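For reference, the structure discussed in these notes is given below.
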2 protein chains.
Amino acid sequence: MAEAKLRIGWIGTGVMGAAMAGHVLAAGHHVAIHTRTRAKAAALLERGASWAETPREAAEGADVAISIVGDPADVQATHLGPAGTLSAARRPRFIIDMTTSRPSLARRIHAEAKARGVGSVDAPVSGGDVGARNATLSIMVGGDEPDVEAVTPLLGLMGAIVVRQGGAGAGQHTKMVNQILIAATMMGVCEGLLYASRAGLDALRVIESVGAGAAGSWAISNLGPRIVRGDFEPGFAVEHFIKDLGIALEEARAMGLDLPALALAARLYERLREAGHGRLGTQSLALLLESMSAASPALATDGGIQ
Amino acid sequence: MAEAKLRIGWIGTGVMGAAMAGHVLAAGHHVAIHTRTRAKAAALLERGASWAETPREAAEGADVAISIVGDPADVQATHLGPAGTLSAARRPRFIIDMTTSRPSLARRIHAEAKARGVGSVDAPVSGGDVGARNATLSIMVGGDEPDVEAVTPLLGLMGAIVVRQGGAGAGQHTKMVNQILIAATMMGVCEGLLYASRAGLDALRVIESVGAGAAGSWAISNLGPRIVRGDFEPGFAVEHFIKDLGIALEEARAMGLDLPALALAARLYERLREAGHGRLGTQSLALLLESMSAASPALATDGGIQ
């Protein structure tokens, strides 16, 4: 499907979406773009994309309508709303939601799409702004096997690892696993580097020792040095991460799961947002931990599991 | 110092120590071994090491006395006790403690050694049984610069990454950072895989998607598949990890640090030991989380930071 020139409807041109749509455009496909703030689509429009006033207009007669928007409410409006993709007169053949969103919503959209003869795939991504720019994202895919097969070459334009994880919603569930891992790892990275700094160690040299062994992670090697340099620019913003952790917690509770580290991370990131750092990168958790230790040494280690 | 044949006193032949002493022996050095259970030294004695009845006897006239024993009390007895290395009539030129132990004890041993004209280096390791066998350990070194320089070729026989992190105790502090990272990451790995399994995903395929991106870690790639297969054999045993986390927590508190993820991990691993799993590998935390979720869905997410 990636070899022929396709008509793509694209909804959402944030940091991730703009870069990803750029790869689709660069492959020669026809891209009709809708996004909330038209200015954010300007560069893509200059490169030959056309403008659509609504998600429906972007999806009108398209082969594939792709969304990567803000939160589940946006996803729902984009596909199921009165001006959504599924309300197009000439419906798209496939819709793909790449937003990190609720697995249950992915299943609902899949059912509504299927009832209209449209294939629906959930395909959230991991790899951040860098992965989006370099088309090295890991794309976690859920949906019916033939549909996923049909859109995989298209997804391959945006990512290096495209894996079908199961039926509708499985991509979103896999992304939740991804965020659970990141949440815990980030706590460790921020606590470990705070310890290193208070112990008078050279934190960059510590990263050299610990990053290559059993304590190694993408986060310590990539975000660790940023923390040491005091660089808290997003990468991935705290307020978006809080949305993801909220979905993960709700889904976990619905499955009867008790995930204490995820719950702790959600509380800490909420406090970080309350401290005014919602737009910083996730690595800014280091700032909260530092302030907690300065203010009240024994606050957070009480309570919880005894 | 590694080119000449050295006289090495070696104290401690657990899983790690036996493999590491084997590399020193293979390089042609003379190794005198003491360990609590003589049977555990049998293979090394067959390969040409000699037996010593006490740490003092192992260190008698040695160039370097190396210890990798159980806990700080063992370290103290090994070097400062009445039959310890520093009580040798012909003292060793250097002592190296490779046990994961208290930074403050490393500084005390350094001071006592220095007062006797002996160089002292703390050099705990990361990389597990595999790293010990393959001599690919990361060795985190603290001590006076000339001493560290003198023993670095010897340490290079056991590890791939040998980095001086600072003065006496800095190796131990760096190892604490390493354990803080592992503690948090392991919680994420176990919670994430539990979520994956309850959501009906193929956990090995999930690891393929999440392991290569921003959620990637040594733990998810190496211990994740063991958890999925139900393989809880140690690697690194829960009871030893609890010792390390206890040291890290004490040191953190002494520095006025509040590290909530470390504290949570320490409580969870303590509960895992209470459940009878102290001798399993650290990845067996998955068993505790599973039982918590089966028994009492909302137990651990209450309390703690609000």
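The values are calculated or read from the model by the stated rules, or taken from the named source; none is laboratory data. Being a predicted model, the structure only gives us computed values, none of them experimental. Backbone-built Cβ (ideal geometry, glycine too); neighbour counts: all protein chains shown. The area values use the complete protein model at the heavy-atom level, side chains included, leaving out ligands, DNA and RNA. Shrake-Rupley method; radii C 1.70, N 1.55, O 1.52, S 1.80 Å.
So here's what we get for this one:
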| item | result |
| --- | --- |
| Of all residues making up the stretch B:257-289, the number that are open to solvent by 20 Å² or more (accessible area, probe 1.4 Å) and within 8 Å of chain A (Cβ to nearest Cβ) | 2 |
| From A:254, A:248, residue being farther than 17 Å from residue B:178 by Cα, within 22 Å of the chain's Cα centre (by Cα), open to solvent by 60 Å² or more (accessible area, probe 1.4 Å) and among the aliphatic types (A, V, I, L, M) | A:254 |
| Failed item, numbered, when residue B:161 is tested on (1) open to solvent by 30 Å² or more (accessible area, probe 1.4 Å); (2) more than 8 Å from chain A (Cβ to nearest Cβ); (3) not acidic (Asp, Glu) | (2) |
| The stretch B:219-235: number of residues that are within 8 Å of chain A (Cβ to nearest Cβ) and surrounded by fewer than 23 Cβ atoms within 10 Å (Cβ to Cβ) | 1 |
| Conditions (1) surrounded by 24 or more Cβ atoms within 10 Å (Cβ to Cβ); (2) under 17 Å from the mean Cα position of the chain (by Cα); (3) more than 9 Å from every other protein chain (Cβ to nearest Cβ); number of the one not met by residue B:129 | (1) |
| Total residues in the stretch A:101-124, condition open to solvent by 10 Å² or more (accessible area, probe 1.4 Å), touching a strand residue (DSSP E or B) at 6+ places or on another chain (Cβ under 6 Å) and under 25 Å from residue B:215 (Cα atoms) | 1 |
| Among residues of the stretch B:164-175, those that are of a type in the set (Lys, Arg) and either more than 20 Å from residue B:64 (Cα to Cα) or within 8 Å of chain A (Cβ to nearest Cβ) (or both), counted | 1 |
| Flag if residue A:214 is without any contact (Cβ under 8 Å) to a residue 12 or more places away in the chain and at the interface with another protein chain (Cβ under 7 Å from one of its Cβ atoms) | yes |
| Condition check for residue A:191: assigned by TED's automatic domain parsing to the domain that holds residue A:278 and either on the phi > 0 side of the Ramachandran plot or in a helix (DSSP H, G or I) (or both) | yes |
| Search result, residues across the stretch B:176-211 that are touching a residue at least 40 places away in the same chain (Cβ under 8 Å), within 7 Å of another protein chain (Cβ to nearest Cβ) and open to solvent by less than 10 Å² (accessible area, probe 1.4 Å) | B:176, B:178, B:180, B:183, B:184, B:187, B:189, B:191 |
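Conditions (1) β-branched (Val, Ile, Thr); (2) farther than 30 Å from residue B:268 by Cα; (3) assigned by TED's automatic domain parsing to the domain that holds residue B:286; (4) at pLDDT 95 or above, marked per residue:
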residue	(1), (2), (3), (4)
B:102	no, no, no, yes
B:112	no, yes, no, yes
B:116	no, yes, no, yes
B:131	no, no, no, no
B:141	yes, no, no, yes
B:182	yes, no, yes, yes
